[in-house]
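The values are calculated or read from the model by the stated rules, or taken from the named source; none is laboratory data. Computed from a prediction, not measured in an experiment: that's the story for all the values here. Cβ placement follows ideal geometry from the backbone for every residue including glycine, while neighbour counts extend to all protein chains displayed. Ligands, DNA and RNA are excluded from the accessible area calculation, which covers all protein heavy atoms including side chains. Shrake-Rupley method; radii C 1.70, N 1.55, O 1.52, S 1.80 Å.
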Amino acid sequence: MNLATHYKCDDCHATFSLDKPALLCEACGGLLEIGYDLGPADPRRITDRAAARRDLGLWRWSDLLPLPRGAEPLYLGEGDTPLMPTRRLGRHVGLPNLLIKNDTLMPTGSFKDRGFSVAVGFARALDVKQAFTYSSGNAGASFAAYAARAGIEATVLVEDVANESKIAAISLSGARVLRLRYRSSLEIFAGVSALSEAGFYCFVNFINPVRHEGMKTYAYEICEALGWRAPDVMVHPVGTGGGLYGAWKGFRELRELGLIDRLPKMVGVQPAASAPLVRAFAEGKPVAGRHGDANKTVAQSIAGDAPIQGGSRVLRAVYESGGRVVAVDDNDLFEAMRLLGEEGVLAEPSAAASTAALLRARAQGWVSESDTVVSVVTGGALKQPSALAQAARPPAGTVQADPAELLRIFREGLV
Ligand SMILES: [Zn+2]
């Protein structure tokens, strides 16, 4: 039973049929969202079906995903990543009930796979043949992989500052890569909007109404693992904010279904050097303007001087949930990478932002010791190899591979 019924416009509330691909509202140009008819749904049946289909990853929630009737899920192994208690990290930051949602273990190494699995699967079912997205790297690699599996011809506009390994990962899946020079994120969004309005199918967060349908599966997996209870706080790195917003949509749907009785505070994290949403939140504004310089932080994946559509949906989720948006500096990111490494989780700098935010959270007063806090780690360390070397401690030394020499060193306790 698929409960998705329509697209709905954020602004004019017009609704449209799901039987064709759509981006922005035909009537007013507003952002579209997928609507569901949850009224007649039997929540127990949904959770029982999901529990019985663990071999399908996030597609086990297909009752609550927009998969057209008869269409096959586009599945590369995404979803059901571990929700891990911490060994030392929680004590270190004064949060004994801290859990890490480890999305570094997704098929292309980042949380982006949740959104692209569902959005590209939906597009394939509606016979989309060509499409594009823009990316700082991880979204492009994810889009390219799912588009390749779906037989969709993919073009990725990638930020010129993206590292070579991310660009190579996109090309490896057969996508066409165009490096993008720009002075502000606003120029990127103007270009992306022009292409979308001209009819080129677009997978950019929020312009595409389906990507956060995949991101919302965070909420389902986390609440199921907690015995159908929401955490008190969910912390997520934020660039365009698709992950945070998607999860928020998922939590709200679970409450509408009666599966949880309260919602978590949603906390977004941005690099201090480039933090438009942090500034908008501090000023109590519903829309963010430009802020900072995206080239002045190591957190490449979440660095942007302006969020798409002013970040209005992300800010709304933060305000409605009683959460906030906080800034972290690069030193905090490197420390968080080391702390996560000691938990067995290797994160790229942007992915460590959610943990970096916790270093000062108790002192800042936005969490309490008894809170159940979920910190999402969004992408693996090998996504940005140069930063891995910056964060890591240097090797203890270089020695000859000589048995006597090695025995001497080990016996003297030098390692
Ligand atoms: Zn509209």
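Output the qualifying pairs, or none if there are none: Cβ atoms under 8 angstrom, residues six or more apart or on different chains, first residue in segment 12-27 and in contact (Cβ under 8 Å) with a residue 40 or more places away in the chain, second residue more than 7 Å from the ligand (Cβ to nearest atom) and open to solvent by 90 Å² or more (accessible area, probe 1.4 Å).
Hits for this filter: LEU24/GLU197.
What's the number of the only condition in (1) within 16 Å of the ligand (Cβ to nearest atom); (2) touching a residue at least 12 places away in the same chain (Cβ under 8 Å); (3) surrounded by fewer than 17 Cβ atoms within 10 Å (Cβ to Cβ) that ARG87 fails to meet?
Against the list (1) within 16 Å of the ligand (Cβ to nearest atom); (2) touching a residue at least 12 places away in the same chain (Cβ under 8 Å); (3) surrounded by fewer than 17 Cβ atoms within 10 Å (Cβ to Cβ), ARG87 comes up short only on (1).
Do you know which residues across segment 69-105 are more than 26 Å from LYS383 (Cβ to Cβ) and out of contact with any Asp or Glu (no Cβ under 8 Å at 6 or more places or on another chain)?
Selection gives ARG69, GLY70, ALA71, GLU72, ARG91.
Going through GLY39, GLY30, GLY35 one at a time, which residue ends up being within 16 Å of the ligand (Cβ to nearest atom) and modelled with pLDDT under 95?
Of the residues listed, the single one that is within 16 Å of the ligand (Cβ to nearest atom) and modelled with pLDDT under 95 is GLY30.
Within the group PRO286, PRO264, PRO307, which residue is under 16 Å from the mean Cα position of the chain (by Cα) and on the phi < 0 side of the Ramachandran plot?
Result of the check over PRO286, PRO264, PRO307: PRO307.
Give me the residue from segment 171-211 that is in a helix (DSSP H, G or I) and aliphatic (A, V, I, L, M) and, out of that set, farthest from CYS9 (Cα to Cα).
LEU172
Examine segment 35-46 for a residue that is closer than 20 Å to HIS212 by Cα, in a helix (DSSP H, G or I), in contact (Cβ under 8 Å) with a residue 60 or more places away in the chain and in contact with an Asp or Glu (Cβ under 9 Å, 6 or more places away or on another chain), and state whether such a residue exists.
Scanning segment 35-46, I find at least one residue that is closer than 20 Å to HIS212 by Cα, in a helix (DSSP H, G or I), in contact (Cβ under 8 Å) with a residue 60 or more places away in the chain and in contact with an Asp or Glu (Cβ under 9 Å, 6 or more places away or on another chain), so the answer is yes.
Here is a list of conditions, (1) surrounded by fewer than 17 Cβ atoms within 10 Å (Cβ to Cβ); (2) of a type in the set (Gly, Ala, Ser); (3) within 16 Å of the ligand (Cβ to nearest atom); (4) modelled with pLDDT of 95 or more, and ALA22 meets all of them except one; can you say which number that is?
Going through the list (1) surrounded by fewer than 17 Cβ atoms within 10 Å (Cβ to Cβ); (2) of a type in the set (Gly, Ala, Ser); (3) within 16 Å of the ligand (Cβ to nearest atom); (4) modelled with pLDDT of 95 or more, ALA22 breaks only (1).
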